[in-house]
Amino acid sequence: MKIAMIGLGKMGGNMSKKLIEKGHEVVVYDTNSQLRKEFESIGAKSLENIEALCKEAEKGNIDIIWSMLPAGEITKNIILDISIRCRESKIIIDGGNSFYKDTIRLEKEVRNNGHTLIDAGTSGGIWGLEKGYCLMVGGDKSSYEFIKPVLSDLSEPTGGYEYMGPSGSGHFVKMVHNGIEYAMMEAFGEGFEILKEKKEFDLNLEKISKVWQSGSVIDSWLLELCGDLFEKEGNLEGIKGYVEDSGEGRWTVIESIEGRIAAPVITLSLLQRFRSRRDETFSDKVIAGLRKQFGGHAVKTKEGG
């Protein structure tokens, strides 16, 4: 197929490479001209702006327009711009981590402009090029059937793609997927910290993570990545324990609250990420002070104070 990829970052770039390897005609657009040149060198056609992309689409040189941009205004504005500029009806795919309610609203606007918007929650990270991507697709069913050959070429050979339902459902499923991911990573982090702090055993975390990959009920790709991490970084002395969140965990927790669904583990994993960003919080001070007030427990004071 003839596919235009917008955004050549870690995800969009590797997805473009995979599509080129599979024999698709790939057109790329990114604001970074050096990236565009790199993809020209491996067989892609690069375009300098969205106007040029729409002209190519109107000539019949593009079947699918795929956006792999950060969630939010940048994605919304690019997709709306395309839907207004392109006079010929096209399938536009948002493969980023957009909030599903935003996707539902955007789909209506795109449809009113004569195009189809598909939301494709995409997982696989930097390993997708090698291992294949997991694609959770929402939107028009007939358009999903049309793009299936592309989804198949991007995904794992065992079938890492599926139709989820109406507009927004693909991004909703990916949102919950990432909420679960938060909780799983928090569990690994806590478990390995407990192991590390058992000083009298002097445990080797790399060996533990690797033996757990053979027959253990917690064997997983994340555990495999733990093993690789400890092999490369030892006990992580060079890594600061500051953990960002990209939005999906927050949205999952909000959804659980709005639906009155108990999700304590996912919620706490999100809150722990917030906690990681401060060496000392005011709440810590309050708790330490209160322990002294009611129980006479000693408090640590800052040097010079």
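In a residue-by-residue description of the range 91-106, the property of being outside any helix (DSSP H, G or I), at positive phi and buried (at least 21 other Cβ atoms within 10 Å of the Cβ) applies to no position.
In the range 257-286, of all residues being in contact (Cβ under 8 Å) with a residue 60 or more places away in the chain and in a helix (DSSP H, G or I), the one that is surrounded by the most Cβ atoms within 10 Å (Cβ to Cβ) corresponds to 269.
Here's the yes/no breakdown for (1) in contact with a Gly (Cβ under 6 Å, 6 or more places away or on another chain); (2) within 13 Å of residue 67 (Cβ to Cβ):
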position	(1), (2)
5	yes, yes
17	no, no
21	no, no
28	no, yes
36	no, no
40	no, no
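Considering the conditions (1) within 24 Å of residue 89 (Cα to Cα); (2) free of Cβ contacts under 8 Å to residues at least 12 places away in the same chain, residue 45 is excluded by exactly one of them, (2).
Scan the range 108-139 for residues that are of a type in the set (D, E, K, R) and surrounded by 19 or more Cβ atoms within 10 Å (Cβ to Cβ) and jot them down.
The one that is of a type in the set (D, E, K, R) and surrounded by 19 or more Cβ atoms within 10 Å (Cβ to Cβ): 119.
Suppose the filter is part of a loop (DSSP other than H, G, I, E, B), of a type in the set (A, V, I, L, M), free of Cβ contacts under 8 Å to residues at least 40 places away in the same chain and surrounded by 10 or more Cβ atoms within 10 Å (Cβ to Cβ); does residue 217 pass it? Criteria not met by residue 217.
Results for (1) in contact with a strand residue (DSSP E or B) (Cβ under 9 Å, 6 or more places away or on another chain); (2) closer than 18 Å to residue 93 by Cβ; (3) at pLDDT 95 or above; (4) not assigned by TED's automatic domain parsing to the domain that holds residue 63, shown as yes or no for each residue.
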{"residue": "6", "(1), (2), (3), (4)": "yes, yes, yes, no"}
{"residue": "10", "(1), (2), (3), (4)": "no, yes, no, no"}
{"residue": "16", "(1), (2), (3), (4)": "yes, yes, yes, no"}
{"residue": "19", "(1), (2), (3), (4)": "yes, yes, yes, no"}
{"residue": "27", "(1), (2), (3), (4)": "yes, yes, yes, no"}
{"residue": "34", "(1), (2), (3), (4)": "no, no, no, no"}
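The values are calculated or read from the model by the stated rules, or taken from the named source; none is laboratory data. The model shown is predicted, which means the values in this text are computed figures rather than measured ones. Methodologically, a virtual Cβ is constructed for each residue, glycine included, from the backbone with ideal geometry; neighbour enumeration extends over all protein chains shown.
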